[in-house]
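Below you'll find the structure, written out as structure tokens, and then a few comments.
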């Protein structure tokens, strides 16, 4: 690869670092640490970068690679994702606001971690304010299927929250 492509790649990684970490965080397990997943995603983006044709947004492409990499990594490990505690350093990129908001986000991430892989991907993209069309493009689902699944995921999260509060 030439130097200009390398610089462009580094710029893209810096711009989407938080996005990559957020995706990796949701797929972290005892055997698949946040840093391992982040490294694996970055390597896969590096390998695919010369072939990126800009037929979709860079963010859509990054999400697709990150989600596919994390799901494949988990399948290889043959582990069910577990909930893990974050260290302060790892959580800095996630929450920079008040303690109440931090507590609510931590609870939301805990509940999301209990979802299946596809549901987890869909709700992550929704929380990143991706349109139904973008979510469909990234996940390979239809827009109608995305809307239906999102409604069911939201209901499921509400039930999970209600059950935890009792």
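Side notes on the structure shown:
- Just one residue in the set 57, 51 is touching a residue at least 24 places away in the same chain (Cβ under 8 Å) and either in contact with a strand residue (DSSP E or B) (Cβ under 7 Å, 6 or more places away or on another chain) or surrounded by fewer than 15 Cβ atoms within 10 Å (Cβ to Cβ) (or both); that residue is 57.
- Residue, farthest from the chain's Cα centre (by Cα), within region 1-17, restricted to residues that are in contact (Cβ under 8 Å) with a residue 24 or more places away in the chain and not in a helix (DSSP H, G or I): 1
- Pairing each residue of region 18-32 that is at positive phi and in a helix (DSSP H, G or I) with any residue that is at pLDDT 80 or above and buried (at least 23 other Cβ atoms within 10 Å of the Cβ), provided the two are 6+ apart or on different chains, yields no C-beta distance under 8 Å.
- Residue that is surrounded by the fewest Cβ atoms within 10 Å (Cβ to Cβ) [pool: residues in region 122-139 that are within 14 Å of the chain's Cα centre (by Cα) and free of Cβ contacts under 8 Å to residues at least 60 places away in the same chain]: 129
- When 111, 86, 115 are checked against the criterion of being farther than 17 Å from residue 129 by Cβ, touching a helix residue (DSSP H, G or I) at 6+ places or on another chain (Cβ under 9 Å), in a loop (DSSP other than H, G, I, E, B) and modelled with pLDDT of 80 or more, a single residue qualifies: 115.
The values are calculated or read from the model by the stated rules, or taken from the named source; none is laboratory data. For clarity, every value in this text was computed on a predicted model and none was experimentally measured. Don't worry about glycine lacking a Cβ; one is built from the backbone with ideal geometry, like all the others, and counts go over all protein chains shown.
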